[in-house]
Amino acid sequence: MRDRIEALMGRARDDLAELVAIRSVADPRQYPAEECLRAANWVADRFAGVGFTGVGLHETSDGSNAVFGVRPTAVPGAPTVLLYAHYDVQPPLDAAAWRTPPWELTESGGRWYGRGAADCKGNIVMHLTALRALGDADLPVNLKLIVEGSEEQGTGGLEDFVVRNPGLLEADAILVCDTGNAAVGAPATTVTLRGLANVVVTVEALRGELHSGMFGGPAPDALAALVHILATLRDSDGNTTIAGLDNSQRWTGAPYPPEQFRADAGLVGGAGLLGDGTVSDMLWARPAVTVLGIDCPPVVGSAAAIQPHARARLNLRVPAGMDAAKAQDALIAHLQSAAPWGVRVTVEKESLGQPFEARTGGPAYRALGAAMREAYGRDMVALGQGGSIPLCNVFAETYPRAEIILMGVEEPLALIHAPNESVDPGEIARLALAEALFLRGYQP
Ligand SMILES: [Zn+2]
């Protein structure tokens, strides 16, 4: 199987080059909608070529097209595996920051560069390579395919489609191939995703602006009050300290080495890491609050005046095991009780998303673990991810018995969403091998 995959890598590269050349940004204000249509048809055509039947485009509620198809087995009682990826990509962003043309797959230093080379077109090619290596022979599993066309826009087309068509996508195991290993050559699945709870806090203290010379001192300053409130959200070590929210959880999966995190995050000079937990505790197991924006006078144009009101938007990342709605309520109560000097504090709720936690004890996880060990020569580990993938929550709610597996070619060097995105072809090859072995070896 390894040799077959190796022999297929030239074709994988040609396929990825064709797919990367399609500018499938799912925003018609930026790129023509025909580009997404071309990508969808490309995907449908290629999967029809590896034994999928009934492959077609299904329009979703946000106007994007999801590609769906099936490849049933003759084996009675066989389980069903749903393969997921997305064909839309982020825009290239700063064109001048790219060292190679973003829409032209370019090899450099052993990696393949281009927008979407990893996220998520590399995963589409991984699926294709695994299926080609398996050939036409009947598999011991039923396969279903769903490749969506608006993941990067967050407009929820596929989430809605799943809820409206639960029977169509029902499966025993779902391979959500849109994440990656912690490092090249180190196999992993992502087992938790943080949720989020956003709020906007407004402080009002005065009817209008006051001259700081005439009134500064006794007059309550709304901006100073806001700064005071925000400062109570962290302790001196940088731990997030919201009354009623546990901040002592431990991460039990793979560690995130602090040196690697420092490099990945790009810390300047003497800046230190926050919190009294490990990097993985702080990143994947505990709540974390971030101030996203503050409304107050900008420095240029500011006058000697006391501010009557000020506001801030806050983002709370919620770890698995914590209810995002309760965490949002705790944040609101904390902000109100931290208000100094009797100023008026109002808090509006904004977006809310629950965290996700995969069930990892089942037969699909076991079979994938064995396949990864075979493909990589080392054991698969469990990672968390700081961001959220709302589709995983929809899958978990719609198919509570399904094993949901997050994996893929998007390791940290891939720089997904940034200029100079790339993929390591070795990761495509190893993961395609693991996927092929999994599809041959998985039995419930
Ligand atoms: Zn993606």
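Take the alpha carbon gyration tensor of the range 239-297, find the square roots of its eigenvalues, order them as a ≥ b ≥ c, and report rounded if a/c is under 1.5; if not, report prolate when a/b exceeds b/c, else oblate.
oblate
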Amide H within-cut-off set for E107, under 5 Å, with H built and near neighbours excluded: Y113
Name the residue farthest towards the positive end of the dipole of the range 348-444 from the options P412, A370, L391, assuming +1 on Cβ of Lys and Arg, -1 on Cβ of Asp and Glu, about the Cα centre. A370
Residue-wise, which Karplus ³J(HN,Hα) couplings in Hz belong to the range 269-276, taking 6.51 cos²θ - 1.76 cosθ + 1.60, θ = phi - 60°, and x for glycine or proline? x, x, 5, x, 7, 8, x, 9
Quick note on H228, H334, ordering by fewest other C-beta atoms within 10 Å, gives H228, H334
Residues whose built amide H sits under 5 Å from the amide H of E350, excluding neighbours closer than 5 in sequence, are N198, V199, V200
Using the Karplus equation 6.51 cos²θ - 1.76 cosθ + 1.60 (θ = phi - 60°), what ³J(HN,Hα) coupling, rounded to whole Hz, does each residue of the range 284-296 give in order, writing x for Gly and Pro? 10, 10, 10, x, 9, 9, 10, 7, 8, x, 10, 8, 6
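On average over all directions, what projected area in square nanometres does the range 13-63 have, based on the convex hull of its Cα atoms?
Seen from a random direction, the Cα hull of the range 13-63 projects 4.0 nm² on average.
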Under 5 Å, built H, 5+ apart or other chain: amide partners of L210: I306
Give the lysines reachable from K349 as a straight Cα distance under 17 Å; neighbours fewer than 8 places away on the same chain don't count. K326
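If neighbour count is taken as other Cβ atoms inside 10 Å, put K326, K121 in order from fewest to most.
If I rank by nearby Cβ atoms, fewest first, I get K326, K121.
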Please work out the C-alpha center-to-center distance from the range 73-125 to the range 16-33 and express it in whole Å. 12 Å
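Starting from the eigenvalues of the Cα gyration tensor, five times each then square-rooted, give me the equivalent ellipsoid semi-axes of the range 110-228, largest first, whole Å.
Its equivalent ellipsoid spans semi-axes of 53, 20, 13 Å.
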Quotient of Cα radius of gyration and Kirkwood radius for the range 290-396, i.e. Rg/Rh, equals 1.20
If one builds a Gaussian network model of the chain from Cα atoms under 10 Å apart, the most fluctuating residue listed among G253, G384, G77 is G77
Along each principal axis, Cα extent of the range 364-444, largest first, Å: 41, 32, 18
Using Cα positions and a limit of under 20 Å, work out the aspartates and glutamates in reach of K144, with same-chain residues fewer than 8 apart set aside. D45, E59, D88, D136, E159, D160, E170, D172, D178, E397, E403, E435
What's the exposure ranking of L415, L335, going from fewest to most Cβ atoms within 10 Å? L415, L335
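Determine the dipole magnitude for the range 145-235: charges of +1 sit on the beta-carbon of Lys and Arg, -1 on that of Asp and Glu, nothing else is charged, the reference point is the Cα centre, and the result goes in debye to the nearest 20.
Taking the Cα centre of the range 145-235 as origin, the dipole is about 380 debye.
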With the chain treated as a Gaussian network of Cα nodes joined by springs under 10 Å, which of G156, G387, G244 yields the largest mean-square fluctuation? G244
What net charge is computed for the residues neighbouring Q336, neighbours being all others with C-beta under 12 Å from the C-beta of Q336, Lys and Arg scored +1, Asp and Glu -1? 0
Cα-based convex hull, the range 1-89, per residue volume (Å³, whole number): 119 Å³
Hydrophobic long helices for the chain, i.e. whole DSSP H runs reaching 15 angstrom or more by Cα along the axis with Kyte-Doolittle mean at least -0.5, come out as 2-20, 33-48, 121-134, 324-337, 363-376, 425-441
Please report the spacing between the Cα centers of the range 260-310 and the range 184-218 in Å, no decimals. 9 Å
Once Lys and Arg are counted +1 and Asp and Glu -1 for all other residues with Cβ under 15 Å from that of P28, the total becomes -4
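Once the convex hull of the C-alpha atoms of the range 197-328 is built, how many Å³ does it hold per residue, rounded to a whole number?
Per-residue hull volume (Cα only) is 145 Å³.
Per residue, how much space in cubic angstrom lies within the convex hull of the C-alpha atoms of the chain?
Numbers: hull volume 72.9 nm³, N = 444.
Here the figure is 164 Å³ per residue.
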Picking from P319, P79, P257, which is most flexible by a Gaussian network model of the chain using Cα springs under 10 Å? P257
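Where a number appears in this text, it was derived from the coordinates with a stated rule and is not lab data. Quantities reported herein were computed from a predicted structural model and do not represent experimental measurements. As a convention, Cβ positions derive from the backbone with ideal geometry for all residues, glycine included, and neighbour counts pool all protein chains shown.
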